Amino acid sequence: MALLRRAPLATRWVRCQFHEFSLSCAATGDRLACATRECLRPFADKPPSSGSLLHIFVCEVNGEEALTPGPLAGLQPSLACESRAGAEYRSYSRGPISVTRLLPYAVRAVDTERGVALCCVNADSGAPAGAIAQSVVQGALVELLRAQHWYAVHAAAAARGGRAVLITGCGGVGKTTLALALVRAGYKCLGDDQILLARRNGQPVLHCLSSRISFRADMCSLLPELRSAPPAHGQQSVGKRAAFVEDIFRKSVAATAEPALILAPRLSGAQESSVEELSRTEALRILVDSSPGRLEPAAGVVFFELVADVVDASRCYRLGFGRDLDGAVRLIDSLMG
């Protein structure tokens, strides 16, 4: 596809070992290189050594018309036009090639067969280019990993002794708060927004995608450590601050852990937290529904089987999340055994 063949001549490189993949990112300039490096924390300082090679190219363009590549003529729309937070999403695909336009901010083209992605950021959109770059680079990485049967789910997770608590559910139910409370109590963080699911020796495992966290200002009353957190550059969610968990709690990031416990929290309003068993069918439904993006039928089957194995390997509970945060941590500790 011509769009991918016209990848920019890079002036800055970010090469790292991302789990079992050698990831090579090229960016046109310091600003995009810095944004890409932050997107890949805590892996950016690990030199590549082995595994499948993935490439991501990041460049800046000027004007929304530059986000409308001619090669779209041979592609089929794979997702109806959507509007999210003032942006227009359009997706196209043909075989292993997909193009996602996020107007007026960026376009992302991914060739999963070759393991290559190109991310073009509109410097004239009025939004910080570094923030947009982080979003599209992470989206490209998730697409490339999906072709390797690594799947992202919308969840938070924390691990102790190589065993993980997977905290899932919709936004605003306390996933980040619970994950950070567990980290403060000695667990290690695998992420607060997206967690990667994959297999190792045939068994399901959870992997960290990013150590970046987002939190509301009112969380500082529950977790005072957040007040002094150095802010992360780049993309900020509306009404939230962003930071890296390792800048708040030392040695607090886990790369990989085995699933042991699945929690579906809901805010109870009570002082004490409580739990009730969650059926495996319901846990499976929640996790399947949390996959970002649509999957091709064959990939959907692989993803469903992987999630089913994660559920089978875990104890599943619905958590009534009370106001006593330390009490919630003690309750989770007892469930972990």
*Which of the residues belonging to the stretch 293-332 are within 26 Å of VAL136 (Cα to Cα), in contact with a helix residue (DSSP H, G or I) (Cβ under 8 Å, 6 or more places away or on another chain) and of a type in the set (A, V, I, L, M)?*
LEU295, ALA299, VAL307
*Have a look at VAL205, VAL275, VAL245 and point out the one that is touching a Cys at 6+ places or on another chain (Cβ under 9 Å) and β-branched (Val, Ile, Thr).*
VAL245
*Could you say whether any residue in the stretch 269-288 is assigned by TED's automatic domain parsing to the domain that holds HIS207, surrounded by fewer than 17 Cβ atoms within 10 Å (Cβ to Cβ) and under 25 Å from ALA147 (Cα atoms)?*
yes
*Residue check, ARG330 outside any helix (DSSP H, G or I) and either surrounded by 15 or more Cβ atoms within 10 Å (Cβ to Cβ) or not assigned by TED's automatic domain parsing to the domain that holds LEU141 (or both)*: no
_I want to confirm something. Restricting to the stretch 203-225 and keeping residues that are more than 17 Å from the chain's Cα centre (by Cα) and either at pLDDT 95 or above or assigned by TED's automatic domain parsing to the domain that holds THR36 (or both), which single residue is farthest from ALA158 (Cα to Cα)?_
GLN203
*Residue that is surrounded by fewer than 19 Cβ atoms within 10 Å (Cβ to Cβ) and on the phi < 0 side of the Ramachandran plot, where the choices are ALA106, ALA117, ALA140, ALA131*: ALA131
_Condition check: under 23 Å from LEU145 (Cβ atoms) and touching a residue at least 24 places away in the same chain (Cβ under 8 Å). Does VAL302 satisfy that?_
yes
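The values are calculated or read from the model by the stated rules, or taken from the named source; none is laboratory data. Predicted, not measured: the structure shown is a model, and the values here were computed from it. Cβ sites come from the backbone with ideal geometry, for glycine too, and all protein chains shown count toward neighbours.
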